[in-house]
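Undergrad: Below is one structure. I have some questions about it.
The values are calculated or read from the model by the stated rules, or taken from the named source; none is laboratory data. Note that this is a predicted model, so its numbers are computed, not measured. As a convention, Cβ positions derive from the backbone with ideal geometry for all residues, glycine included, and neighbour counts pool all protein chains shown.
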Amino acid sequence: MFFQRLVAETAEGQQTLASVPQIQDGLTGRISRDTYIAYLTEAYHHVKHTVPLMQAARAGLDAHDRFRHALDDYIAEETGHEHWILSDIKNCGGDAEAVRNGQPREATQSMVDFAYDYIARVNPMGFFGMVFVLEGTSVRLATQGAEAVAKNLNLGPECFSYLTSHGSLDMEHLVFFQKLMDEITNPDDQAPIIEVAKAIFDRFADVFRSIPHDRVVYV
């Protein structure tokens, strides 16, 4: 089944991402409020592109009706999520308007640019490789990290609307995603998905590495 192959062939990238110190400390809540806000800032700057990327991929899938319909569902569910992030930033004491009007770090822009370019010039089916990376990562951050960060920083649930909502939402998406991927039998569609997933694992690791971060030890 293609989903199992996708998981197996991106194992190295998964490990690379999981080994980033910012993620390891985030999962155990050993980060400062500033680091959490910096994470949300970069999340805003790539999440705001989620729907436009999906729309671009959908536009290029004329011969893939099943996958166009899947993207329609994703678009309906993902619309507006960047506003949840701005709300979380504000509730954490950050400057949401400065984030809205600001620019992403170079690593974040590079990841987004790669996705747009691949969709436009190579194969829009490759976008599903990005979905695989981002949804799988957000589930882990939501289910493991949000509770630990909230406890250690003494932050209320109003600071975690993006992460906590994506925990349950993206778990549902991953079940759907696995079934969707297992419908793909054409090697010309499978290869781009794997290629993009590998590239996004590396670039998403760079996004997290770019986040300023001092490990916080709680006694």
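Undergrad: When both residues are 6+ apart or on different chains and their Cβ atoms are under 6 Å apart, which pairs have a first residue that lies in the stretch 18-30 and is without any contact (Cβ under 8 Å) to a residue 60 or more places away in the chain, and a second that is surrounded by 20 or more Cβ atoms within 10 Å (Cβ to Cβ)?
TA: From residues that are without any contact (Cβ under 8 Å) to a residue 60 or more places away in the chain, there are no pairs.
Undergrad: Also: Please work out which residue is surrounded by the most Cβ atoms within 10 Å (Cβ to Cβ), limiting yourself to the stretch 79-121 and to residues that are under 26 Å from LYS198 (Cα atoms) and aromatic (Phe, Trp, Tyr).
TA: My answer is TYR118.
Undergrad: Cβ-Cβ under 6 Å, sequence separation 6+ or interchain: first residue in the stretch 200-213 and farther than 25 Å from ILE119 by Cα, partner hydroxyl-bearing (Ser, Thr, Tyr). Which pairs?
TA: That search, which allows pairs on different chains as well, returns ILE211/TYR39; HIS213/THR35.
Undergrad: Looking at the stretch 13-26 only, could you name the residues that are farther than 23 Å from LYS179 by Cα and in a helix (DSSP H, G or I)? Outline the logic, then answer.
TA: First pass over the stretch 13-26, keeping only residues farther than 23 Å from LYS179 by Cα: 15-26.
GLN15, THR16, LEU17, ALA18, PRO21, GLN22, ILE23, GLN24, ASP25, GLY26, listed by residue number.
Undergrad: Only helices (runs of 4 or more DSSP H) wholly contained in the stretch 47-98 count here; list those with 3 or more residues that are in contact (Cβ under 8 Å) with a residue 60 or more places away in the chain and closer than 23 Å to PRO124 by Cβ.
TA: Working: elements: 50-59, 65-78, 81-91.
Helices (runs of 4 or more DSSP H) meeting the threshold: 50-59, 65-78.
Undergrad: Select from the stretch 101-155 the residues that are closer than 18 Å to ALA38 by Cα and not in a helix (DSSP H, G or I) and list them in ascending order.
TA: Answer for the stretch 101-155, where residues must be closer than 18 Å to ALA38 by Cα and not in a helix (DSSP H, G or I): GLY102, GLN103, PRO104, ARG105, ASN154, LEU155.
Undergrad: Considering only residues that are surrounded by 21 or more Cβ atoms within 10 Å (Cβ to Cβ) and within 15 Å of LEU155 (Cβ to Cβ), which ones fall in the stretch 1-36?
TA: Within the stretch 1-36, GLY26, ILE31, THR35, TYR36 meet the criteria.
Undergrad: Would you check which residues across the stretch 146-161 are touching a residue at least 40 places away in the same chain (Cβ under 8 Å) and touching a Ser or Thr at 6+ places or on another chain (Cβ under 8 Å) and list them?
TA: ALA148, LEU153, GLU158, SER161
Undergrad: Give the residue that is modelled with the lowest pLDDT, with candidates limited to residues of the stretch 142-162 that are buried (at least 20 other Cβ atoms within 10 Å of the Cβ) and either closer than 30 Å to MET1 by Cβ or in contact with an Asp or Glu (Cβ under 6 Å, 6 or more places away or on another chain) (or both). Let's see the steps before the verdict.
TA: Of the residues in the stretch 142-162, the ones buried (at least 20 other Cβ atoms within 10 Å of the Cβ) are 142, 145-146, 149, 159-160, 162.
Filter again for either closer than 30 Å to MET1 by Cβ or in contact with an Asp or Glu (Cβ under 6 Å, 6 or more places away or on another chain) (or both), leaving 142, 145, 159, 162.
Details: ALA142: 76, GLY145: 85, CYS159: 96, TYR162: 90.
Selected residue: ALA142.
Undergrad: State whether one or more residues within the stretch 193-206 are within 19 Å of HIS81 (Cβ to Cβ) and more than 17 Å from the chain's Cα centre (by Cα). Working first, answer last.
TA: If we filter the stretch 193-206 for residues that are within 19 Å of HIS81 (Cβ to Cβ), which is where we start, we get 200, 204.
Next, from what is left, pick out any that are more than 17 Å from the chain's Cα centre (by Cα): none.
No, the stretch 193-206 has no match at all.
Undergrad: Can you pull out every residue in the stretch 64-115 that is at pLDDT 95 or above and of a type in the set (S, T, N, Q)?
TA: SER87, ASN91, ASN101, GLN103, THR108, GLN109, SER110
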